[in-house]
Each structure stands twice: as structure tokens, then as C-alpha cells.
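Working notes for the structure below.
The values are calculated or read from the model by the stated rules, or taken from the named source; none is laboratory data. The structure presented is a predicted model; accordingly, all values stated were derived computationally and were not measured. We place every Cβ from the backbone using ideal geometry, glycine too, and count neighbours over all the protein chains shown. Only protein heavy atoms, including side chains, enter the accessible area calculation; ligands, DNA and RNA are left aside. Shrake-Rupley method; radii C 1.70, N 1.55, O 1.52, S 1.80 Å.
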Amino acid sequence: MCGIIGIVSQEYVSSKEILKALKRLEYRGYDSVGYALNDGTVEKDTGEISDFMRRTKEKNFRTGIAHTRWATHGGVTRENAHPHTDCSGDIMIVHNGIIENYLEMKNKLLEKGHKFRSETDSEVIAHYFEDKLNNMDLKDAITDFIKEAKGTFAVLMIKKGEDRIYAFKRDSPLVLGIGEKEFYLSSDIYGFSDKTDRAIFFNDDEFAVIDKSYKFYDKDGNEIKKEVKRFQWGFSEEEKETYDHYMIKEIKEEGKAVRRIINSLNNEQHEKILKLNKMIKKAKKVAFVASGTSYFAALLGVYFLNRVDVESQAIIASEFRHFIRVDENTLVIAISQSGETMDVLKALKFAKEKKAKIVSIVNVPHSSIQRISDLSLEILAGQEICVAATKTFINQVSLLLYLANLNGLNVNLNNLHRRIQETIDNNESKVRQLAKTLYRERDIYVLGRGLTYPIAREIALKLKEISYIHGEGMMGGELKHGTLALIEKGTPVISLIQHEDYEMLSNTKEVEARGARVIKISNDEKINPDFYLKTSKDEKFAIAATIIGQLLAYYIAKEKGLPIDKPRNLAKSVTVE
Ligand code: AGP
């Protein structure tokens with residue numbers, strides 16, 4: 001988490017520019033914000049970037065670094081906000097990641113008389129370099145840091161009076177953007193994708209010195225040549241336009257986004273999906289790995305492949321190495337919107353060590369997960385700014401449906417974008433009404449079975465993260481094994497009933513019999529559902545039902561006046577373990 005930005009420009013630019021670039025990374029964390037310029041200016045505070053921008057005085061600069069924070073070590077206070085400086089204030093750093101051995105490093109520096117001002121692990125970096133510079137140059141000090149520091153880091157460092165940024169990283173993402181008259185350093189390409197489409201991606205334990213030009217070095221300080229890559233990233237969808245929130249805008253883009261992925265799988269990415277299919281057939285074991293919403297897409301992947309007689313499993317990334325044995329005959333398929341989720345990256349590194357083949361399904365091109373994969377497919381959902389995944393989930397699921405369809409699953413994907421649009425158009429106002437009756441609830445249960453079980457989990461997650469309601473998504477069949485005890489008169493239960501799923505109907509009756517307030521979402525008109533989704537009777541129902549859940553979480557949160565796009569304590573790109 002946390003977003004870092006650095007700019008080295010040949011011409012003077014306003015400090016607003018670095019904050020605008022930082023704002024593009026705000027989805028990575030939004031507890032505190034700050035920047036440092038090479039004249040020694042350090043401005044930082046808690047709160048959001050827009051407020052900070054209004055409060056701070058504009059200043060012109062040529063070299064600066066900035067940071068938007070998602071707190072790990074130390075509370076949300078001004079002192080803990082980045083940038084951090086050494087004792088003199090001459091060395092200024094921003095850091096994304098966690099220095100695991102910071103206490104050990106800090107104690108040594110305290111013994112030498114360094115004065116610390118924050119509770120963070122990051123501050124140790126500035127003092128470490130202050131100390132090293134007593135008897136070596138900065139380049140050598142960086143190679144020492146890379147050898148001594150344990151943990152994860154993407155660091156930008158400037159020195160007062162120098163038009164230069166020093167950048168180094170391990171495990172946390174870092175990329176250099178090459179503009180006409182300026183260089184950008186950023187946690188991801190979105191930090192500068194409005195300015196340039198040329199970038200160089202840092203590998204672990206590499207560092208760079210950027211001034212009028214740039215030089216990259218390996219961990220021993222040997223200069224290395226790096227490839228400049230061109231990237232494509234949708235610009236047209238970035239603005240919130242007339243919508244109140246990105247979340248609703250992104251839900252309403254789902255039809256368009258699905259059309260894009262299906263087209264691409266039929267054309268540019270066709271060879272790739274065929275290759276993935278071949279790899280699946282060849283592998284002795286197929287395991288999906290993902291976190292959060294992407295994990296629910298993975299569960300659907302298992303369900304779809306099972307329908308076409310391909311056995312697979314889905315494992316939560318942070319538990320991966322505890323629950324599976326992998327070897328050279330295993331195919332690991334990572335699903336990740338951001339392509340940066342640390343839990344997924346760690347699982348993939350583990351799988352790679354065991355010689356497993358790695359395929360990824362990501363939204364962000366050139367992301368770390370894509371770069372360590374043997375094969376990577378892109379879901380082409382366009383930039384998703386709201387912390388809650390909506391259109392990216394729908395595109396992940398669409399890609400997996402396409403894969404199952406290649407293997408014989410009978411599902412018509414050509415009309416999927418229209419079905420999505422109809423689902424939104426026909427149900428939005430009804431969902432808004434429902435939200436008015438549910439927003440005071442503390443708990444909402446969501447039940448599903450088979451196809452609808454992962455959707456129940458996903459809807460519950462949306463209720464938690466956006467509406468701050470305890471949502472419990474579960475298998476209908478598991479109710480009677482315990483949770484039924486919690487159902488009483490009026491308890492809201494959303495029941496996802498696939499056409500002619502009589503077992504799910506029985507589970508629905510079980511909660512009705514205990515007085516629950518049941519909201520039925522179905523593609524089976526006979527059962528007289530609250531939301532009748534006229535999708536065909538096939539797996540597309542999973543997508544349509546998800547959309548009702550997304551809209552519900554959105555309108556409940558709106559009713560409660562919550563910060564929908566930036567829910568408390570969360571961040572879009574989870575780059576810590
Ligand atoms: C989704 O709404 C969540 N914010 C979160 O669970 C997310 O899906 C998870 O962190 C995984 O992210 P990824 O897809 O970028 O790997």
C-alpha cells in the first residue's frame with residue numbers, strides 16, 4: 001500500500017503538479033499525505049490529498065518526492081506521515097513497504113546519537129544514509145542498504161541542493177516514467193499515465209539515479225541496461241464525469257468493459273487463451289490463487305472448469321503455501337486486478353521456486369504479477385478507481401467463462417454486455433428503494449449454492465467494505481450446521497436462487513420459517529423473486545446477481561453518507577503481507 005511519486009524536471013513546475021500526480025495514486029492509501037522538495041521544504045499532514053492541496057502554499061520546484069500513506073507502523077499522525085528526514089533535514093525519503101529489521105537498525109543509530117521523530121519503520125532509512133554518508137558516497141550506501149535491509153521497500157530519496165532522485169526497491173513496486181522534459185518515479189504507471197506511455201520497470205534490488213538522465217544499477221553497484229517499454233492504459237475512463245462516485249460509474253461501465261474483454265479474447269488475446277487452455281490440459285494440478293474479490297472470481301473459475309470436467313482448486317493467496325504442494329507439473333493461475341497484491345506475489349514466488357508454471361489474469365499491464373508470469377492475460381476493464389472491485393470482477397469472471405466455453409460449457413457470451421446493461425437498467429431504482437429499508441441493519445446474510453456461492457461471498461464483502469454492514473456470505477447448505485441459530489424475526493437474508501435450484505429453495509424456506517426477511521434474487525420467474533433477472537438460465541446469472549449486490553452495497557452506503565470510493569482502513573493495491 002502507500003503511493004510514492006518523484007519528479008525530476010528540467011523546468012520549474014508547481015508543487016501542485018506533484019500532488020496532482022500523487023492524487024492519481026490515492027487509491028493506494030489515504031491516511032496522510034506529504035511532499036519534500038530539494039530546497040529542503042517538507043510539507044506533510046494527516047487527511048486527504050485534496051484538503052492538503054487547498055491548505056498548502058504553492059511552490060515551484062524541479063526535484064521533489066511525495067507520499068500518500070496507508071499506515072502500518074505507527075498511528076495516523078503528522079509525525080508518522082512521509083516524507084521523513086535525517087537529523088539535519090538534508091536527506092528526505094518516502095517509502096512504501098515494511099523494513100522488518102528496522103528496530104535493530106534504529107537501535108544502532110540511536111546509540112550513535114540520531115534523533116527520531118516518528119514511530120515508523122521508514123524514518124530509519126533517512127538516518128541510515130545520514131550515518132553512511134560520513135564515510136562513503138550515496139551510491140555505495142545504497143548497495144549497503146540493499147544488503148542490510150530486510151523486508152520490502154520502494155524508496156525515493158533526495159538530498160537538499162541536488163537536482164537528483166535516488167530510487168531503490170525490493171518487492172514493493174516502482175517504475176520510472178520517461179516524459180519529454182521530466183522523469184517520474186511512481187508506485188505504478190497510473191502515477192504518470194496521463195503524461196507519458198514510456199516506462200522502465202525496476203526489478204528487485206535494483207537502484208537508479210535520476211537527474212538530467214537516468215542510470216540503473218544492480219545490487220552491487222554495476223551499471224545495467226534497462227529496456228524502455230511502451231504501455232497502453234485507457235485514458236478516457238478516468239474522470240468521474242457526472243457521477244457522484246467512481247463506484248457507480250464503474251458499475252455502469254460493466255457492459256462496455258465486458259464487450260472489450262470478449263472482443264479481445266476473440267481477437268488479440270485469442271492465442272493467449274488457447275495457450276492457457278493447453279497449459280491447463282497439460283498440467284497434473286491446476287490451482288488458482290488470489291485474494292479478496294479476485295478469490296471469489298477464482299472460486300467461480302473452479303466451478304466453471306468443473307462443469308467441463310477439468311479439476312482445479314482455488315486457494316487464498318496468504319494461505320497458499322500452507323494448503324498446497326506444488327511442483328513442476330502444477331499450473332498456478334493468479335487472479336489479481338492490481339497485479340501488485342503482495343500475498344499473491346509471495347505465493348507466486350513460492351510456486352516459482354518449486355518450478356510450477358505461472359499464468360496470471362490481471363487488469364494493470366506490466367504489473368509485478370504480470371512480469372513474473374510465464375503467460376499473462378489482461379482483463380481490459382480500464383482503470384478502476386473505487387477501492388471496491390466491481391467492473392474488474394465482472395471481467396475476471398467473463399474471462400473465466402470464456403475459458404470454460406472453449407472447453408464446451410454452453411454459455412452465450414455474445415449478448416453478455418446487453419444482459420448486463422438490462423440488469424442495471426431494470427433494477428437500479430428498485431435496489432435504491434431496497435437500500436432505504438436496509439441501511440440501518442447491522443448484519444445481512446447472503447446465501448448461495450454452487451454457482452451462486454462465490455457470488456454470495458462477493459456480495460457480503462461489498463456490504464462490509466462499502467456499506468460497513470456485517471455481511472455473511474455462505475453456502476446455503478451450511479446454514480443448518482450452525483449459522484441458522486442467528487436467524488430471527490426480521491433478519492435480512494439475501495437468497496441467490498439459480499433456475500430450478502431446489503436445494504437452494506429449501507434453504508430459503510428454512511430461513512423464512514424462522515422469520516427472516518428474505519430478498520430473493522433469481523432467474524426463475526416461477527418462484528416469484530424480488531429481483532427477477534431475465535438472463536438466460538445459464539452461468540450468466542452469476543454476473544447479473546453480482547450486479548444487484550454491487551448496486552445494493554452502493555446505495556446502502558450512499559444512504560448512510562459513507563466515503564464510498566475510499567472506505568476506511570482500506571486501499572486498492574494491497575502491497576503488504
Ligand atoms: C475488492 O473490493 C477488495 N477491495 C479487495 O478484496 C481486493 O479484491 C483484493 O485486495 C485483491 O486485489 P487484487 O485483485 O488487486 O489482487
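Between amide H atoms placed 1.01 Å from N, distances below 5 Å from A314 occur with F288, all of them 5 or more places distant or on a separate chain. Peptide packing: for 450-456, 484-490, the average count of neighbouring Cβ atoms within 10 Å per residue gives the ranking 450-456, 484-490, highest mean first. For the range 513-525, the Karplus equation 6.51 cos²θ - 1.76 cosθ + 1.60, evaluated at θ = phi - 60°, returns couplings of 4, 9, x, 4, 8, 8, 10, 9, 10, 8, 10, 10, 5 Hz by residue, with Gly and Pro reported as x. Give K23/K106; K159/K212; K436/K489; K464/K572; K229/K352; K391/K464 a once-over and call out the pairs whose C-alpha atoms are over 21 Å from each other. Over 21 Å Cα-Cα: K23/K106; K229/K352.
Beyond 36 Å, how much of the Cα-Cα pair distribution for the chain remains, as a whole percent? Roughly 38 percent, rounded to a whole number.
For the range 433-473, the list of trypsin sites (Lys or Arg not before Pro) that fall in a loop by DSSP and count at most 14 other C-beta atoms within 10 angstrom reads R440, R442. Can you compute log10 of I(q)/I(0) for the range 3-230 with the Debye formula, treating each Cα as one identical point scatterer, at q = 0.15 Å⁻¹? For the requested q values the scattering log ratios are -0.92.
Each of the peptides 11-17, 375-381 was scored by the mean count of other Cβ atoms within 10 Å over its residues; in descending order, highest first, they stand as 375-381, 11-17. Near the amide H of S495, within less than 5 Å, lie the amide hydrogens of L447, I519, K520, I521, all on another chain or at least 5 residues away, with H placed in the peptide plane. Positive end of the dipole of the chain (Cβ unit charges, origin at the Cα centre): among I4, G292, H114, the Cα lying farthest that way belongs to G292. Mean residue ellipticity at 222 nm, helices only, the chain: -11000 deg cm²/dmol; runs of at least 4 DSSP H residues each add -39,500 (n - 2.57), and the sum is divided by the number of residues.
Remark: the range 72-201 carries 36 Å² of accessible area per residue (probe radius 1.4 Å; ligands, DNA and RNA excluded). The GluC sites (Glu not before Pro) of the range 315-376 that DSSP puts in a loop, and whose beta carbon has at most 16 other beta carbons within 10 Å, are E328.
The string of couplings for the range 460-473 from the Karplus curve (6.51, -1.76, 1.60, θ = phi - 60°) is 4, 5, 4, 4, 5, 6, 9, 9, 6, 10, 5, x, 10, x Hz, one whole number per residue in order, with x for Gly and Pro.
For the chain, carbon and sulfur atoms together expose 45% of the accessible surface, with a 1.4 angstrom probe and every protein chain in place.
Among beta bridges from DSSP that stay inside the chain, the antiparallel ones total about 60%. Backbone amide hydrogens, once placed in the peptide plane, bring I361 within less than 5 Å of A334, I335, S336, L377, excluding anything fewer than 5 places away on its chain. If you sort T423, T46 by accessible surface, 1.4 Å probe, largest first, the order is T46, T423. Whole-Hz Karplus values for the range 211-225 come out as 9, 6, 9, 9, 9, 10, 9, 7, 5, 9, x, 7, 5, 10, 8 Hz, taken residue by residue from phi with 6.51 cos²θ - 1.76 cosθ + 1.60 and θ = phi - 60°; glycine and proline positions read x.
Placing E104, E465 in order of accessible area, with the largest value first and a 1.4 Å probe, yields E104, E465.
So for the range 424-577, Kirkwood radius off the Cα pairs, Stokes-Einstein at 20 °C and 1.002 mPa s: how many µm² s⁻¹? Result for D is 137 µm²/s.
In debye, nearest 20, what is the charge dipole magnitude of the chain about its Cα centre with +1 on Lys and Arg Cβ and -1 on Asp and Glu Cβ, if you could check?
Approximately 840 debye in magnitude.
Counting heavy atoms of the protein chains alone, F116 has an accessible area of about 40 Å² for a 1.4 Å probe.
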